[in-house]
Amino acid sequence: MQRRNFVSYFLIFLVLSLIVFGSAKIGLLKPIDSLGKGILAPIQALTYGVFEKITSLGSNSQLETLRAENLALTQKLSNQNKLIEDNKALRDQFQTQNPKSAGLIEADVVGAPMFIPGISVPEVLILDRGESDGIKVGLAVVYQNNLIGKVVGASAFSSSVMLITNSASSFTAKTMATQSQGVIKGQGGGGMILDNVVLSDNLQKQDTVLTKGDVDTEGSGFPPDLVVGKISAVSKNASDLFQKADVKSLIDFSKLSKVFVVVSN
Amino acid sequence: MKLLAFVLLTIALILEASLTTIPFVFLSLLCLLVVSRGNWLFIFAFAFGLILDLVTFKTLGISSAFLVVFLFLVLLYQSKFEIATNAFVFFASFLVSFAYLWLLGYNDNIILQAVASSIIALLLFKLVQKLKFKIYG
């Protein structure tokens, strides 16, 4: 009797969860999602602040004053450094020919879920720009002419970007020197491979890998000729159908503070 | 018991949303299920899963589905075997933390995180047992 009871509970809530999941996937719950995030964000910020306060309880007041002063000065320095960095990033981006700066939206990186410095590398970035700024799912994200990733989720005021090294990432690419074509597959942990390259093609170490371009009619996808990375090792066996190569991005994703979303080519 | 569950899950949710990637909500649900074995925990799993998705930027419903399936599997297992043991809590939390982190695309140090989760689950299990005994006798 009890068994039948929990099976019915399970079925009801599993179906409910799947309905919610399906609706969220096709975008039906976007308003609720944005509203929920809007309500919960201040609570989340408050609890984070409380945790910080708790850890500072019982400490010396003079020390606290010095610490606060130090913090204020560090903040000033950090703001100044950020301005210098932003200025440099914007200047670099404006000097870049591909993609054209007119079709870009600059965004600050505000989070990297599940990224622990020294232990793991970022797989996803959270940006401070969302649908209200013209960001939509599928758009490419770049830094200068280097490909960073693709927008995989967008709410009104924020969006998430799957990095090209994410194990779920896969797209077509070509090499610069030999024009060999293949598929770049993220390996997780910061790695990528260029796979599905026919054996007759010539892959060279240190050759630059570029996007082949897969923009659809709505403007989503990767524009051609963005830099993916450089080939660090080639693996070619006569008995295999294809050859492959390890590719390393030229960008350190963990140090990105500003990126650009390609909204039009 | 429902009030205790609500308080514990709220604390777990705050911790998971603000401080750490360790799946505290799932660990709390496991301990509450092992101690209470109530079907009402499905409602909590569904509701807290939705809030967790909101604060961690996941697609709404994915955590709820995971938690609901997990509760069902534990309840299926308890109809054949005893679940209120340290060994069960340790291994169940290890396996499901591993699956949870893997499914969410977390690639590095999954085993280390799963072991940490298991140890935390054991401590939580003891805490919930004591609290239940103190509050409800």
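Every read-out reported here was derived from the displayed coordinates using simple, explicitly stated rules and does not represent laboratory data. As the structure is a computational prediction, the values presented were derived from the model and not from experiment. Glycine gets a Cβ as well: all are built from the backbone with ideal geometry, and neighbour counts include every protein chain shown.
Just a few scattered comments:
- Per-residue mean of C-beta atoms belonging to partner chains within 10 Å, peptide A:5-12: 6
- Other protein chain C-beta atoms within 10 Å of residue C-beta, averaged over B:6-14: 1.
- Helical contribution to [θ] at 222 nm, DSSP H n ≥ 4, -39,500 (n - 2.57), averaged over the protein assembly as shown, rounded to 500: -16500 deg cm²/dmol
- Sequence-ordered 3J(HN,Hα) estimates for segment A:193-202 from the Karplus curve with 6.51, -1.76 and 1.60 and θ = phi - 60° stand at 10, 9, 10, 6, 9, 4, 5, 6, 6, 10 Hz, glycine and proline given as x.
- For chymotrypsin sites (Phe, Trp or Tyr not before Pro), the sites in segment B:1-88 that DSSP calls loop and that have at most 16 other Cβ atoms within 10 Å are B:Trp40, B:Phe81.
- GNM flexibility winner over chain A from A:Ile148, A:Ile126, A:Ile251 (Cα, springs under 10 Å): A:Ile251
- Amide H contacts of A:Leu29 (H built 1.01 Å from N, under 5 Å, at least 5 apart or other chain): A:Ala24
- Taking every alpha-carbon pair in chain B and binning the separations at 5 Å intervals from zero gives 2, 11, 22, 25, 23, 12, 4, 1, 0 percent.
- Helix runs (DSSP H) in chain A reaching 27 Å along axis by Cα, Kyte-Doolittle at least 0.0: A:2-25, A:30-56
- For the segment B:61-74, counting C-beta atoms of other chains within 10 Å of every residue's C-beta and taking the mean gives 5.
- Equivalent-ellipsoid semi-axes of the protein assembly as shown, from the Cα gyration tensor, Å, largest first: 42, 28, 21
- With N as its number of residues, segment A:2-53 has a Cα radius of gyration that, divided by 2.2 N^0.38 Å, comes to 1.71.
- Computed from Cα atoms, the angle from the helix B:86-103 axis to the main principal axis of chain B rounds to 20 degrees.
- Under a Gaussian network description of chain A, with springs only between Cα atoms under 10 Å, the residue in A:Gln93, A:Gln44, A:Gln144 that fluctuates furthest is A:Gln44.
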